[in-house]
Amino acid sequence: MDVALTGADLVTCLGDADATFAALRKGVDGSEPLRFYDTGRMGVTRGYHVTDDEGDDKDEPPLRAGRWLARCVAGAVRQAGIDPARERVSVIVGTGLRELRAVERWTLDGVPVRRRDLHFDAAVRAVLPDVAEVITVSNACSASGHALALAQDMLAAGEADAVVAAGCDAMSESMLTMIGRVADAPTAVLQPFQEGRAGVLLGEGAVAVVLQPRTDGGARPLATVLGTGLSCDAHHETAPDAGGIVAAMRDAHSRAGVRPRDIGLVLAHGTGTALNDPTEAAALREVFDGTAPGPLVTGVKGAIGHTSGSAALMSLLIAVESMRTGSVPATVGLSEPIPEAAGLRLVIGEPADCDARVAQVNAFGFGGVNAVSIIRVDR
(Lines give C-alpha, C1' and ligand atoms only; values in the text may rest on other atoms or scores of the structure.)
Protein backbone atom coordinates (compact mmCIF):
# COMPACT_ATOMS: atom_id res chain seq x y z
CA MET A 1 0.00 0.00 0.00
CA ASP A 2 1.47 3.38 -1.04
CA VAL A 3 1.33 5.88 1.81
CA ALA A 4 1.41 9.66 1.48
CA LEU A 5 3.80 11.64 3.65
CA THR A 6 1.83 14.84 4.23
CA GLY A 7 3.65 16.62 7.04
CA ALA A 8 7.11 16.60 8.58
CA ASP A 9 9.34 18.36 11.07
CA LEU A 10 12.73 17.78 12.66
CA VAL A 11 15.30 19.32 14.96
CA THR A 12 19.01 18.52 14.93
CA CYS A 13 22.19 20.09 16.24
CA LEU A 14 22.06 22.27 13.12
CA GLY A 15 18.63 23.69 13.98
CA ASP A 16 15.14 23.20 12.57
CA ALA A 17 14.37 21.56 9.23
CA ASP A 18 15.25 24.55 7.04
CA ALA A 19 18.43 25.33 8.97
CA THR A 20 19.50 21.68 8.88
CA PHE A 21 19.01 21.35 5.12
CA ALA A 22 20.89 24.62 4.49
CA ALA A 23 23.81 23.58 6.71
CA LEU A 24 24.01 20.16 5.05
CA ARG A 25 24.31 21.80 1.64
CA LYS A 26 27.24 23.84 3.01
CA GLY A 27 28.94 20.79 4.50
CA VAL A 28 28.75 22.02 8.09
CA ASP A 29 30.12 19.75 10.84
CA GLY A 30 27.78 20.30 13.79
CA SER A 31 29.98 18.69 16.44
CA GLU A 32 31.22 20.57 19.51
CA PRO A 33 32.67 19.84 22.97
CA LEU A 34 30.27 17.93 25.19
CA ARG A 35 28.30 20.21 27.53
CA PHE A 36 26.87 18.27 30.44
CA TYR A 37 29.32 15.49 31.25
CA ASP A 38 32.59 14.72 32.99
CA THR A 39 34.46 13.84 29.82
CA GLY A 40 37.64 12.87 31.64
CA ARG A 41 36.28 9.48 32.61
CA MET A 42 34.25 8.66 29.48
CA GLY A 43 36.76 8.60 26.63
CA VAL A 44 34.49 10.90 24.62
CA THR A 45 34.92 14.67 24.37
CA ARG A 46 32.69 15.75 21.46
CA GLY A 47 29.13 15.30 20.28
CA TYR A 48 26.31 16.95 18.34
CA HIS A 49 24.14 18.83 20.85
CA VAL A 50 20.74 20.34 20.22
CA THR A 51 20.50 23.87 21.62
CA ASP A 52 17.53 24.06 23.97
CA ASP A 53 15.22 27.03 24.40
CA GLU A 54 15.92 27.01 28.12
CA GLY A 55 19.06 26.20 30.02
CA ASP A 56 22.67 26.76 29.01
CA ASP A 57 25.89 24.81 28.76
CA LYS A 58 25.94 24.26 32.54
CA ASP A 59 22.22 23.86 33.19
CA GLU A 60 20.79 20.73 31.57
CA PRO A 61 17.01 20.94 31.06
CA PRO A 62 15.02 17.83 32.06
CA LEU A 63 13.36 15.41 29.66
CA ARG A 64 15.03 16.93 26.63
CA ALA A 65 14.07 14.17 24.16
CA GLY A 66 10.38 14.53 24.94
CA ARG A 67 10.55 18.31 24.50
CA TRP A 68 11.99 17.98 21.01
CA LEU A 69 9.54 15.20 20.17
CA ALA A 70 6.53 17.30 21.16
CA ARG A 71 7.77 20.18 19.04
CA CYS A 72 8.26 18.00 15.97
CA VAL A 73 4.99 16.08 16.31
CA ALA A 74 3.05 19.34 16.61
CA GLY A 75 4.86 20.82 13.61
CA ALA A 76 4.28 17.79 11.41
CA VAL A 77 0.58 17.59 12.28
CA ARG A 78 0.18 21.30 11.66
CA GLN A 79 1.74 21.01 8.20
CA ALA A 80 -0.39 17.98 7.34
CA GLY A 81 -3.57 19.77 8.40
CA ILE A 82 -5.05 16.83 10.29
CA ASP A 83 -7.22 17.14 13.39
CA PRO A 84 -6.88 14.41 16.05
CA ALA A 85 -10.15 15.59 17.58
CA ARG A 86 -12.03 14.60 14.42
CA GLU A 87 -9.85 11.85 12.94
CA ARG A 88 -8.31 8.66 14.27
CA VAL A 89 -4.69 9.67 14.71
CA SER A 90 -2.10 7.39 16.30
CA VAL A 91 1.49 8.25 17.17
CA ILE A 92 4.35 5.73 17.07
CA VAL A 93 7.66 6.87 18.53
CA GLY A 94 10.90 5.04 17.77
CA THR A 95 13.73 5.55 20.24
CA GLY A 96 16.96 3.93 21.27
CA LEU A 97 17.17 5.23 24.83
CA ARG A 98 13.80 6.82 25.72
CA GLU A 99 14.52 9.28 28.56
CA LEU A 100 17.50 7.33 29.93
CA ARG A 101 19.32 10.55 30.77
CA ALA A 102 16.54 11.42 33.22
CA VAL A 103 17.08 8.10 34.99
CA GLU A 104 20.82 8.78 35.19
CA ARG A 105 20.24 12.22 36.70
CA TRP A 106 17.75 10.75 39.18
CA THR A 107 20.25 8.10 40.25
CA LEU A 108 23.45 10.15 40.21
CA ASP A 109 22.30 13.68 41.01
CA GLY A 110 19.02 13.21 42.85
CA VAL A 111 16.95 14.99 40.19
CA PRO A 112 13.52 13.31 40.52
CA VAL A 113 11.51 12.08 37.54
CA ARG A 114 8.02 10.62 37.35
CA ARG A 115 8.11 7.13 35.88
CA ARG A 116 5.28 7.89 33.47
CA ASP A 117 7.42 10.63 31.91
CA LEU A 118 9.92 8.03 30.75
CA HIS A 119 7.35 7.01 28.15
CA PHE A 120 6.50 9.65 25.54
CA ASP A 121 2.71 9.59 26.00
CA ALA A 122 2.71 12.67 28.24
CA ALA A 123 5.05 14.62 25.96
CA VAL A 124 2.90 13.96 22.89
CA ARG A 125 -0.42 14.59 24.62
CA ALA A 126 0.87 17.92 25.94
CA VAL A 127 0.60 19.20 22.35
CA LEU A 128 -1.94 16.73 20.89
CA PRO A 129 -4.30 15.71 23.71
CA ASP A 130 -6.81 14.03 21.39
CA VAL A 131 -4.60 11.44 19.70
CA ALA A 132 -5.98 7.92 19.91
CA GLU A 133 -2.80 6.34 21.27
CA VAL A 134 0.93 6.89 21.73
CA ILE A 135 3.08 3.81 21.20
CA THR A 136 6.81 3.73 21.97
CA VAL A 137 9.08 1.18 20.32
CA SER A 138 12.75 0.78 21.20
CA ASN A 139 14.55 -0.84 18.29
CA ALA A 140 18.05 0.56 18.76
CA CYS A 141 19.35 2.75 15.94
CA SER A 142 16.70 1.68 13.43
CA ALA A 143 13.81 2.49 15.77
CA SER A 144 12.15 5.25 13.74
CA GLY A 145 12.40 3.04 10.65
CA HIS A 146 10.42 0.42 12.53
CA ALA A 147 7.95 3.11 13.62
CA LEU A 148 7.50 3.95 9.94
CA ALA A 149 6.87 0.31 9.05
CA LEU A 150 4.30 -0.06 11.83
CA ALA A 151 2.57 3.13 10.70
CA GLN A 152 2.27 1.75 7.18
CA ASP A 153 0.79 -1.47 8.56
CA MET A 154 -1.77 0.40 10.67
CA LEU A 155 -2.97 2.38 7.68
CA ALA A 156 -3.13 -0.72 5.50
CA ALA A 157 -5.22 -2.46 8.15
CA GLY A 158 -7.58 0.50 8.45
CA GLU A 159 -6.74 1.01 12.12
CA ALA A 160 -6.13 4.76 11.77
CA ASP A 161 -6.94 7.64 9.46
CA ALA A 162 -3.46 9.06 9.94
CA VAL A 163 -0.37 7.95 11.82
CA VAL A 164 2.49 10.08 13.07
CA ALA A 165 5.75 8.15 12.89
CA ALA A 166 8.46 9.78 14.96
CA GLY A 167 11.85 9.33 16.53
CA CYS A 168 13.81 11.02 19.28
CA ASP A 169 16.86 10.56 21.47
CA ALA A 170 19.11 12.62 23.70
CA MET A 171 22.65 11.73 24.68
CA SER A 172 23.16 9.83 27.91
CA GLU A 173 26.24 9.36 30.05
CA SER A 174 26.07 5.57 29.86
CA MET A 175 25.82 5.52 26.05
CA LEU A 176 28.68 8.00 25.72
CA THR A 177 30.79 5.89 28.06
CA MET A 178 30.07 2.77 26.02
CA ILE A 179 31.26 4.28 22.75
CA GLY A 180 34.29 5.75 24.53
CA ARG A 181 35.41 2.34 25.72
CA VAL A 182 35.58 0.81 22.24
CA ALA A 183 37.83 3.54 20.82
CA ASP A 184 41.61 3.66 21.25
CA ALA A 185 41.41 7.42 21.85
CA PRO A 186 38.62 10.01 21.91
CA THR A 187 37.14 10.39 18.44
CA ALA A 188 37.69 13.89 17.11
CA VAL A 189 35.43 13.68 14.07
CA LEU A 190 32.85 11.25 12.66
CA GLN A 191 33.85 10.26 9.10
CA PRO A 192 31.47 7.85 7.34
CA PHE A 193 33.17 5.49 4.85
CA GLN A 194 36.51 7.26 5.39
CA GLU A 195 39.79 5.34 5.31
CA GLY A 196 41.30 5.53 8.80
CA ARG A 197 38.02 6.64 10.43
CA ALA A 198 38.19 6.77 14.23
CA GLY A 199 34.66 5.84 15.28
CA VAL A 200 31.20 7.16 16.02
CA LEU A 201 30.04 10.26 17.88
CA LEU A 202 26.54 10.74 19.25
CA GLY A 203 23.99 13.25 18.00
CA GLU A 204 20.56 14.04 19.33
CA GLY A 205 17.25 15.48 18.24
CA ALA A 206 13.80 14.48 17.07
CA VAL A 207 11.80 14.00 13.89
CA ALA A 208 8.17 13.34 12.98
CA VAL A 209 6.27 12.57 9.78
CA VAL A 210 2.54 12.29 9.17
CA LEU A 211 1.38 9.38 7.04
CA GLN A 212 -2.03 9.05 5.38
CA PRO A 213 -3.46 6.74 2.72
CA ARG A 214 -2.50 7.91 -0.77
CA THR A 215 -5.62 8.97 -2.68
CA ASP A 216 -6.08 9.93 -6.31
CA GLY A 217 -6.94 13.56 -6.83
CA GLY A 218 -5.71 14.69 -3.44
CA ALA A 219 -3.07 17.31 -2.76
CA ARG A 220 0.43 16.27 -3.81
CA PRO A 221 2.21 14.85 -0.74
CA LEU A 222 5.76 15.70 0.29
CA ALA A 223 6.67 12.13 -0.65
CA THR A 224 5.19 8.68 -1.08
CA VAL A 225 6.41 5.85 1.13
CA LEU A 226 6.46 2.82 -1.13
CA GLY A 227 7.58 0.22 1.39
CA THR A 228 9.79 -0.62 4.35
CA GLY A 229 11.74 -3.85 4.66
CA LEU A 230 12.80 -5.26 8.01
CA SER A 231 15.16 -7.95 9.21
CA CYS A 232 16.38 -9.11 12.60
CA ASP A 233 19.34 -11.36 11.91
CA ALA A 234 20.53 -11.58 15.57
CA HIS A 235 24.01 -12.18 14.18
CA HIS A 236 25.83 -10.45 17.05
CA GLU A 237 25.09 -8.06 19.90
CA THR A 238 26.80 -5.17 18.12
CA ALA A 239 28.50 -6.34 14.91
CA PRO A 240 26.43 -5.96 11.71
CA ASP A 241 25.90 -8.79 9.25
CA ALA A 242 25.92 -8.19 5.50
CA GLY A 243 23.41 -10.99 4.94
CA GLY A 244 20.87 -9.46 7.30
CA ILE A 245 21.32 -6.04 5.73
CA VAL A 246 20.91 -7.43 2.21
CA ALA A 247 17.75 -9.24 3.32
CA ALA A 248 16.25 -5.98 4.62
CA MET A 249 17.11 -4.17 1.37
CA ARG A 250 15.57 -6.87 -0.79
CA ASP A 251 12.50 -7.04 1.41
CA ALA A 252 12.10 -3.28 1.00
CA HIS A 253 12.41 -3.51 -2.79
CA SER A 254 9.86 -6.31 -2.92
CA ARG A 255 7.34 -4.46 -0.74
CA ALA A 256 7.84 -1.25 -2.71
CA GLY A 257 7.55 -2.97 -6.11
CA VAL A 258 10.86 -1.57 -7.33
CA ARG A 259 14.08 -3.01 -8.72
CA PRO A 260 17.58 -1.90 -7.71
CA ARG A 261 18.02 -0.02 -10.99
CA ASP A 262 14.93 2.08 -10.18
CA ILE A 263 16.67 3.64 -7.16
CA GLY A 264 18.68 6.78 -7.82
CA LEU A 265 19.72 7.75 -4.28
CA VAL A 266 20.74 5.93 -1.10
CA LEU A 267 20.91 7.56 2.31
CA ALA A 268 23.38 5.27 4.02
CA HIS A 269 23.50 4.38 7.71
CA GLY A 270 27.22 5.31 7.62
CA THR A 271 28.30 5.41 11.26
CA GLY A 272 32.04 5.88 10.71
CA THR A 273 32.80 2.74 12.71
CA ALA A 274 35.25 -0.03 11.94
CA LEU A 275 32.54 -2.62 11.25
CA ASN A 276 29.46 -0.81 9.93
CA ASP A 277 30.99 0.99 6.98
CA PRO A 278 32.67 -1.93 5.18
CA THR A 279 29.70 -4.19 5.94
CA GLU A 280 27.17 -1.69 4.61
CA ALA A 281 29.34 -0.98 1.57
CA ALA A 282 29.56 -4.71 0.79
CA ALA A 283 25.78 -5.05 1.10
CA LEU A 284 25.20 -2.09 -1.22
CA ARG A 285 27.62 -3.49 -3.80
CA GLU A 286 25.83 -6.85 -3.72
CA VAL A 287 22.33 -5.43 -4.05
CA PHE A 288 23.17 -2.85 -6.73
CA ASP A 289 25.52 -5.06 -8.74
CA GLY A 290 24.80 -4.69 -12.45
CA THR A 291 22.97 -1.35 -12.14
CA ALA A 292 25.82 0.86 -13.40
CA PRO A 293 26.33 3.65 -12.69
CA GLY A 294 24.23 2.86 -9.62
CA PRO A 295 22.60 5.24 -7.15
CA LEU A 296 24.26 8.21 -5.53
CA VAL A 297 25.20 7.35 -1.95
CA THR A 298 25.51 9.84 0.89
CA GLY A 299 25.26 9.88 4.67
CA VAL A 300 24.54 12.60 7.19
CA LYS A 301 26.11 11.44 10.45
CA GLY A 302 29.32 13.37 9.79
CA ALA A 303 27.19 16.52 9.99
CA ILE A 304 24.63 15.71 12.71
CA GLY A 305 26.12 12.71 14.53
CA HIS A 306 24.54 9.36 15.17
CA THR A 307 21.07 10.35 16.35
CA SER A 308 20.17 6.82 17.46
CA GLY A 309 16.43 6.13 17.30
CA SER A 310 15.66 9.18 15.16
CA ALA A 311 18.36 8.44 12.55
CA ALA A 312 16.15 6.59 10.05
CA LEU A 313 13.48 9.26 9.70
CA MET A 314 16.02 12.08 9.71
CA SER A 315 17.75 10.44 6.75
CA LEU A 316 14.37 9.93 5.09
CA LEU A 317 13.55 13.64 5.25
CA ILE A 318 16.99 14.53 3.90
CA ALA A 319 16.37 12.13 1.02
CA VAL A 320 13.04 13.87 0.35
CA GLU A 321 14.71 17.29 0.33
CA SER A 322 17.54 16.04 -1.89
CA MET A 323 15.13 14.74 -4.52
CA ARG A 324 12.85 17.76 -4.23
CA THR A 325 15.69 20.24 -4.79
CA GLY A 326 17.78 18.07 -7.11
CA SER A 327 20.85 18.45 -4.89
CA VAL A 328 22.36 15.74 -2.66
CA PRO A 329 24.56 16.93 0.23
CA ALA A 330 28.08 15.55 0.40
CA THR A 331 29.09 13.18 3.19
CA VAL A 332 30.77 15.44 5.75
CA GLY A 333 34.16 14.11 6.84
CA LEU A 334 34.67 11.91 3.77
CA SER A 335 37.62 12.54 1.46
CA GLU A 336 39.32 9.15 0.99
CA PRO A 337 36.79 6.27 0.82
CA ILE A 338 37.51 2.84 2.23
CA PRO A 339 38.47 0.16 -0.33
CA GLU A 340 35.24 -1.73 0.36
CA ALA A 341 33.29 1.22 -1.05
CA ALA A 342 34.99 1.03 -4.46
CA GLY A 343 32.35 1.28 -7.17
CA LEU A 344 29.82 3.13 -5.02
CA ARG A 345 28.89 6.65 -6.16
CA LEU A 346 29.68 8.32 -2.85
CA VAL A 347 28.98 12.06 -2.76
CA ILE A 348 32.25 13.66 -1.68
CA GLY A 349 33.31 17.27 -1.25
CA GLU A 350 30.44 19.11 -2.91
CA PRO A 351 26.69 18.50 -3.33
CA ALA A 352 25.80 16.36 -6.33
CA ASP A 353 23.12 17.10 -8.90
CA CYS A 354 20.33 14.57 -8.65
CA ASP A 355 17.35 13.79 -10.85
CA ALA A 356 16.33 10.73 -8.82
CA ARG A 357 12.68 10.16 -7.98
CA VAL A 358 13.12 7.03 -5.85
CA ALA A 359 15.43 6.77 -2.83
CA GLN A 360 16.45 4.10 -0.35
CA VAL A 361 17.04 4.91 3.33
CA ASN A 362 19.16 2.54 5.44
CA ALA A 363 19.02 2.17 9.22
CA PHE A 364 20.67 -0.63 11.18
CA GLY A 365 20.66 -1.36 14.91
CA PHE A 366 22.50 -3.46 17.45
CA GLY A 367 21.43 -7.08 17.35
CA GLY A 368 20.87 -6.95 13.61
CA VAL A 369 17.63 -4.96 13.87
CA ASN A 370 17.52 -3.48 10.36
CA ALA A 371 15.04 -1.21 8.57
CA VAL A 372 15.23 -0.06 4.95
CA SER A 373 12.64 2.28 3.45
CA ILE A 374 11.87 3.17 -0.17
CA ILE A 375 10.34 6.55 -0.96
CA ARG A 376 9.33 8.43 -4.09
CA VAL A 377 9.10 12.19 -4.71
CA ASP A 378 7.08 13.56 -7.60
CA ARG A 379 8.10 17.05 -8.67
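The values are calculated or read from the model by the stated rules, or taken from the named source; none is laboratory data. Computed from a predicted structure; not experimentally measured. In this analysis, Cβ positions are derived from the backbone assuming ideal geometry, glycine residues included, and neighbour counts consider all displayed protein chains. In case anyone asks, the SASA skips ligands and DNA or RNA and just uses the protein heavy atoms, side chains included. Shrake-Rupley method; radii C 1.70, N 1.55, O 1.52, S 1.80 Å.
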Accessible-area composition of region 225-379, carbon plus sulfur, in percent [1.4 Å probe]: 50 percent
Region 175-318: radius of gyration over Cα atoms, expressed as a fraction of 2.2 N^0.38 Å: 1.15
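Once whole DSSP H runs in the chain are found, which of them have Cα atoms spread over 15 Å or more along the helix axis and a mean Kyte-Doolittle score of at least 0.5?
Span-like helices in the chain: 143-156, 311-325.
For the chain, what does the helix formula give at 222 nm: sum of -39500 (n - 2.57) over DSSP H segments with n ≥ 4, over the residue count, nearest 500 deg cm²/dmol?
Value at 222 nm, helices only, nearest 500: -9000 deg cm²/dmol.
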Alpha-carbon centroid distance for the pair region 253-292 / region 1-66, whole angstrom: 27 Å
Semi-axis lengths (Å, descending) of the ellipsoid that matches the C-alpha gyration tensor of region 3-213: 31, 20, 15
Solvent-accessible area per residue for region 3-213 (1.4 angstrom probe, square angstrom): 41 Å²
Translational diffusion of the chain, µm² s⁻¹ [Kirkwood Rh, Cα pairs; Stokes-Einstein; 20 °C; 1.002 mPa s]: 106 µm²/s
Rounded to the nearest 10 Å², the accessible area of D29 at probe 1.4 Å: 60 Å²
Region 98-163: mean projected area of Cα convex hull, nm²: 5.4 nm²
Equivalent ellipsoid semi-axes, region 162-244, via Cα gyration tensor eigenvalues times 5, rooted, Å: 35, 18, 14
Which of L34, L222, L108 is most accessible, then next, and so on - probe 1.4 Å: L108, L222, L34
Two-decimal Rg to Rh for region 311-379 - Kirkwood Rh, Cα set: 0.99
Region 38-143: GluC sites (Glu not before Pro) in DSSP coil with no more than 16 other Cβ atoms inside 10 Å: E54, E87
Share of carbon and sulfur in the accessible heavy-atom surface of region 3-213 [1.4 Å probe, %]: 48 percent
Region 223-376, accessible area per residue, ligands and nucleic acids excluded (1.4 Å, Å²): 33 Å²
Estimated Rh, region 114-199: Kirkwood, alpha-carbon pairs, angstrom: 16.1 Å
